[in-house]
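Engineer: Below: one structure in structure tokens.
The values are calculated or read from the model by the stated rules, or taken from the named source; none is laboratory data. What you are looking at is a predicted structure, and each value in this text was computed from that prediction instead of being measured. Cβ: placed from backbone, ideal geometry, glycine included. Neighbour counts: every protein chain shown.
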């Protein structure tokens, strides 16, 4: 398969590296020039839970160089997804499978608006805890599960084929008819740890071990759960604290991407994660005081950041 990964930050680099290691022709596409140049000169190193390998693959800041691909993965941050989707149009042919993988809510709608009538697959990943160690080097603490589903409708043969490609690269993959439920099950975890880790600068495990931080995190998760229930999401659990605890135990040493972005002075996916909980809560009439407060505090901090270019992945 010829595969393009649009947005090769931490998670995008993990996808690109493992899919290339499985024998596919892979193009890493990103506007972060230093990262792309490092990949070109020395290869892409992916270390962590999946092992440690350095792979050679094509890398570019210009999507047109790659040409039409069989499989296009849009892996930018939520706030960059619309621009990335427009750039990715040169990669998409009549038979191309397009999958978008972001944290939070709203990205699939933005991608779909750009693609028009083309089918779109949504990916939901969990338990990776990925970060960029240096240009050309991504590390991940875990690689728990990748979920795929159609944006609308049940699982199709196209999604099953996609899942098999990723399984062949070592990922644990499941295909789901109700991808909306999967998005919210992950969003509850994201809201819990992204907001708290960014606000405190602690790791996931440190948040869980700190009584005050864990109290805030549980409040964020419980509010997100209440909103999901209010809008009719059929969740597969009834204890949000147990849900986020189980998730957190898989990646105790990691920091969510939102926290890493704030540590680096970069804008982050506040509106797509904790901000999405507050927005959906207002529409549903569900109070979200913990998420409201965390969003406000993080936006105060972010207002002082310099604007930094680059589409980095979750």
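Engineer: Residue 196 is checked against (1) within 19 Å of residue 246 (Cβ to Cβ); (2) at pLDDT below 95 and fails just one. What number does that condition carry?
Structural biologist: (2)
Engineer: Could I ask something else about it? Within the stretch 102-118, is even one residue assigned to a strand (DSSP E or B) and touching a residue at least 24 places away in the same chain (Cβ under 8 Å)?
Structural biologist: Within the stretch 102-118, none of the residues are assigned to a strand (DSSP E or B) and touching a residue at least 24 places away in the same chain (Cβ under 8 Å).
Engineer: Further question: Which residues, taken from the stretch 138-156, are out of contact with any helix residue (DSSP H, G or I) (no Cβ under 9 Å at 6 or more places or on another chain) and under 21 Å from residue 170 (Cβ atoms)?
Structural biologist: Within the stretch 138-156, 145 is the sole residue that qualifies.
Engineer: Further question: Listed residues 57, 18; which is surrounded by fewer than 23 Cβ atoms within 10 Å (Cβ to Cβ) and within 23 Å of residue 146 (Cβ to Cβ)?
Structural biologist: Only one candidate passes the filter, namely 57.
Engineer: Give 40, 20 a once-over and let me know the one that is farther than 19 Å from residue 74 by Cα, at pLDDT 95 or above and in a helix (DSSP H, G or I).
Structural biologist: 40
Engineer: Please go through the stretch 135-152 and give me each residue that is more than 18 Å from residue 108 (Cα to Cα) and assigned to a strand (DSSP E or B), ordered by number.
Structural biologist: 137, 138, 139, 140, 145
Engineer: Go through (1) in contact (Cβ under 8 Å) with a residue 60 or more places away in the chain; (2) farther than 20 Å from residue 185 by Cα; (3) part of a helix (DSSP H, G or I) for residue 291 and report which single condition fails.
Structural biologist: (2)
Engineer: Still on this structure: Can you tell me which condition residue 218 does not meet? The list is (1) under 30 Å from residue 60 (Cβ atoms); (2) assigned to a helix (DSSP H, G or I); (3) over 18 Å from the mean Cα position of the chain (by Cα), and all the others hold.
Structural biologist: Among (1) under 30 Å from residue 60 (Cβ atoms); (2) assigned to a helix (DSSP H, G or I); (3) over 18 Å from the mean Cα position of the chain (by Cα), residue 218 violates only (1).
Engineer: Please determine, by comparing only the residues of the stretch 116-160 that are surrounded by 20 or more Cβ atoms within 10 Å (Cβ to Cβ) and over 17 Å from the mean Cα position of the chain (by Cα), which one is nearest to residue 74 (Cα to Cα).
Structural biologist: In this case the residue turns out to be 159.
Engineer: So, residue 142, is that one out of contact with any strand residue (DSSP E or B) (no Cβ under 7 Å at 6 or more places or on another chain) and under 26 Å from residue 256 (Cα atoms) or not?
Structural biologist: yes
Engineer: For residue 88, which of the numbered conditions (1) within 21 Å of residue 59 (Cα to Cα); (2) without any contact (Cβ under 8 Å) to a residue 40 or more places away in the chain fails to hold?
Structural biologist: Residue 88 satisfies all of (1) within 21 Å of residue 59 (Cα to Cα); (2) without any contact (Cβ under 8 Å) to a residue 40 or more places away in the chain except (2).
Engineer: Quick one: is residue 87 in contact with a helix residue (DSSP H, G or I) (Cβ under 9 Å, 6 or more places away or on another chain) and outside the structural domain of residue 205 (by TED's automatic domain parsing)?
Structural biologist: Judged against the criteria, residue 87 is a match.
Engineer: A further question on this structure: Restricting to the stretch 223-232, and then to whatever is touching a residue at least 40 places away in the same chain (Cβ under 8 Å) and in a helix (DSSP H, G or I), can you tell me which residue is nearest to residue 267 (Cα to Cα)?
Structural biologist: Step by step, filter the stretch 223-232, then rank; the result is 224.
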